[in-house]
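The values are calculated or read from the model by the stated rules, or taken from the named source; none is laboratory data. Computed from a predicted structure; not experimentally measured. FYI the Cβ positions are ideal-geometry reconstructions off the backbone, even for glycines, and counts take in every protein chain you see. Areas reflect the complete protein model, heavy atoms only, side chains present, ligands, DNA and RNA absent. Shrake-Rupley method; radii C 1.70, N 1.55, O 1.52, S 1.80 Å.
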Amino acid sequence: SVHAAGCEVLLHAAGKGRINTNGTLYFDVSKCYFSIPLKIYTGKFNVSAEGASAPVRRVALMSDGNGLSLASDPTGTVNFLDMVQNLEGDSGRGYYIEMSIGTPGQKLNILVDTGSSNFAVAAAQHPFITHYFNTALSSTYQLAGRTVAVRYTQGNWEGELGIDRVLIPNGPNGTIVVNIAAIMSSDGFFLPGVNWQGILGLAYPTLARPDSSVEPFFNSVVQQLRIPNIFSLQMCGAGLSASSTADPAGGSLIMGGIEPTLYQGSVWYTPIVEEWYYQVEVLKLEVGDQNLDLDCREYNMDKAIVDSGTTLLRLPVNVFNAVVEAITRSSLIQEFSSGFWDGTKLACWMKGESPWRFFPKLSIYLRATNSSQSFRITILPQLYIQPITDVDGTLDCFRFGLSSSSNGLVIGATVMEGFYVIFDRAQKRLGFALSNCAVSGGVALSEIAGPFSAADVAANCSGGILKEPIMWVISYTLMAICALVLIILLLLLVLPCRRRNYSGEITDESSLVRHRIK
């Protein structure tokens, strides 16, 4: 249930509010800021039409000779404008694309996730999904004879590997044959209110389960349809994770290149540090104009990745605490519930009282392709102080779009919604440009600037960090050593070592007693 948790800041005018949850609870409250327990509202929301795409024009694929594809010539093999607005969803429930799987095709909505590498679909009934992929009804489905299990930051699933045909109605032209994990059981993976029935892992083979021999979906697309090894992603929720009115804005997944109508200004590129996740190198963070002044290796502990399947901006614990402290210092709200920062409570304002003016901008500096330089991506508070729902027409409630992380820095939807992000796998780099849908009330919700000198940070901020596969090798090696030592100790106990001297056989134990007597 929703209940008031006390005022955070007391202002002058008095008013009355009410909260309606399975009945009506009335209470008197000053015109102030207070917190309530977190309750995700799964309704729909309305997004401003400002910043909409330019009028439709017929453009298609043409390579520039470097593996980079731009929309330019209608004689190409891929029409990018067919892919514009092919995503639905929002940051709170994920962005998903429609696919037709099997023969005859079964239509499912598939979550777009750049933080994993398996293509997996529900293949059994689940209380939170409306339909699933029935493998028995597909004449082209083939079992691979292997089981697979994947665990995410939240949720996990188990299933069986198979192969089948897939067509993306608003994607590249052509049907492809891909590896499919048929999900038979899951825990915390499918959630109430979501409208997707599977996940599209767009990362590298290293992350594929059960091993890297399972070719990821996009690798199959590139090889079979012969499109450039690049995709780009625009997510248009603009921080609006829920509302009570119209359909969400969705977004665009462009396979094979870049669609210029989806962004404005220049594209800034940062190298992909390692091809497993889309790992990048974060040089520093700023809250407002305040540099956190942390060692840059703190930001990359144990990795820094760009992940569309993660809702929030997740920061290593030390970085997160420093950000919250800096926001608190620079914010006009000095006394604020700790529950808001840790995600257990929402902050609510009286209807029409915008909270964003109380909070600073957040900036992330990424190393540029010229390693001696960096560029800065900035999000306004409208992207990280996120509206969840209104309460009975009197209150607007918001959540904090950042969280602490024990497994690295994750640039999730909170940040990605401000930018058109280009996953240029051919040239091993990620590009960022201002998204033309990251606009609210005529105000751009993101900024990008550079170049800046990177002389004040280490030459390699992500150096020396152990990666997941290396950790596995070390773990197994240590386990093997421990097992060997244990076997030796057991043998020593069962079969005591013996030796012979002039007085006959003596055991180690008698020898030890003899030494003690000495």
Of the residues in region 156-190, those that are open to solvent by 20 Å² or more (accessible area, probe 1.4 Å) and either free of Cβ contacts under 8 Å to residues at least 12 places away in the same chain or assigned to a loop (DSSP other than H, G, I, E, B) (or both) number 6
The correct count of residues that are open to solvent by less than 90 Å² (accessible area, probe 1.4 Å) and touching a strand residue (DSSP E or B) at 6+ places or on another chain (Cβ under 7 Å) in region 143-155 is 6
Hey, does region 107-121 have a residue that's open to solvent by 10 Å² or more (accessible area, probe 1.4 Å) and over 19 Å from GLY188 (Cα atoms)?
yes
Among residues of region 274-285 being more than 20 Å from SER453 (Cβ to Cβ) and in contact with a strand residue (DSSP E or B) (Cβ under 7 Å, 6 or more places away or on another chain), the residue surrounded by the fewest Cβ atoms within 10 Å (Cβ to Cβ) is GLN279
The one condition THR328 fails out of (1) surrounded by fewer than 17 Cβ atoms within 10 Å (Cβ to Cβ); (2) assigned to a loop (DSSP other than H, G, I, E, B) is (2)
Going through region 369-390 in order, the residues found to be in a strand (DSSP E or B) and among the aliphatic types (A, V, I, L, M) are ILE377, ILE379, ILE385, ILE388
Note on region 311-338: residues of a type in the set (D, E, K, R) and at pLDDT 95 or above are ARG314
- Task: Consider LEU81 carefully, then state whether it is in contact (Cβ under 8 Å) with a residue 40 or more places away in the chain, over 18 Å from GLN142 (Cα atoms) and open to solvent by less than 20 Å² (accessible area, probe 1.4 Å).
- Result: no
Taking region 348-370 and keeping residues among the acidic types (Asp, Glu) and under 30 Å from ALA458 (Cα atoms) leaves none
Here the residues within region 218-235 that are in contact with a strand residue (DSSP E or B) (Cβ under 7 Å, 6 or more places away or on another chain) and either buried (at least 16 other Cβ atoms within 10 Å of the Cβ) or within 16 Å of PHE80 (Cβ to Cβ) (or both) are PHE218, SER220, VAL221, LEU225, ILE227, PRO228, ILE230, PHE231, SER232, LEU233, GLN234, MET235
When region 85-105 is checked residue by residue, the ones that are within 20 Å of PRO172 (Cβ to Cβ) and open to solvent by 30 Å² or more (accessible area, probe 1.4 Å) are GLN85, GLU88, GLU98, THR103, GLY105
Does at least one position in region 286-302 carry a residue that is open to solvent by less than 30 Å² (accessible area, probe 1.4 Å), within 18 Å of the chain's Cα centre (by Cα) and touching a residue at least 24 places away in the same chain (Cβ under 8 Å)?
yes
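Residue-wise test of (1) of a type outside the set (Ser, Thr, Tyr); (2) modelled with pLDDT of 95 or more; (3) outside any strand (DSSP E or B).
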| site | (1), (2), (3) |
| --- | --- |
| PRO104 | yes, yes, yes |
| ASN109 | yes, yes, no |
| VAL121 | yes, yes, no |
| ALA124 | yes, yes, yes |
| PHE128 | yes, no, yes |
| HIS131 | yes, no, yes |
| ALA136 | yes, yes, yes |
| SER139 | no, yes, yes |
Is it the case, given these coordinates, that THR140 is in contact with a Lys or Arg (Cβ under 7 Å, 6 or more places away or on another chain), open to solvent by 20 Å² or more (accessible area, probe 1.4 Å) and either of a type in the set (S, T, N, Q) or within 20 Å of GLY193 (Cβ to Cβ) (or both)? yes
Expected single match for assigned to a strand (DSSP E or B), over 20 Å from the mean Cα position of the chain (by Cα) and either surrounded by 15 or more Cβ atoms within 10 Å (Cβ to Cβ) or free of Cβ contacts under 8 Å to residues at least 12 places away in the same chain (or both) among LEU346, LEU366, LEU315 is LEU346
Listed by first then second residue, the pairs whose first member lies in region 191-217 and is free of Cβ contacts under 8 Å to residues at least 60 places away in the same chain and open to solvent by 60 Å² or more (accessible area, probe 1.4 Å), whose partner is in a loop (DSSP other than H, G, I, E, B) and hydrophobic (A, V, I, L, M, F, W, C), with beta carbons under 8 Å and at least 6 positions apart or on separate chains, are GLU215/ALA208
So, first residue without any contact (Cβ under 8 Å) to a residue 40 or more places away in the chain in region 90-102, second residue assigned to a loop (DSSP other than H, G, I, E, B) and of a type in the set (Asp, Glu), Cβ within less than 8 Å, six or more apart or across chains; the pairs are none
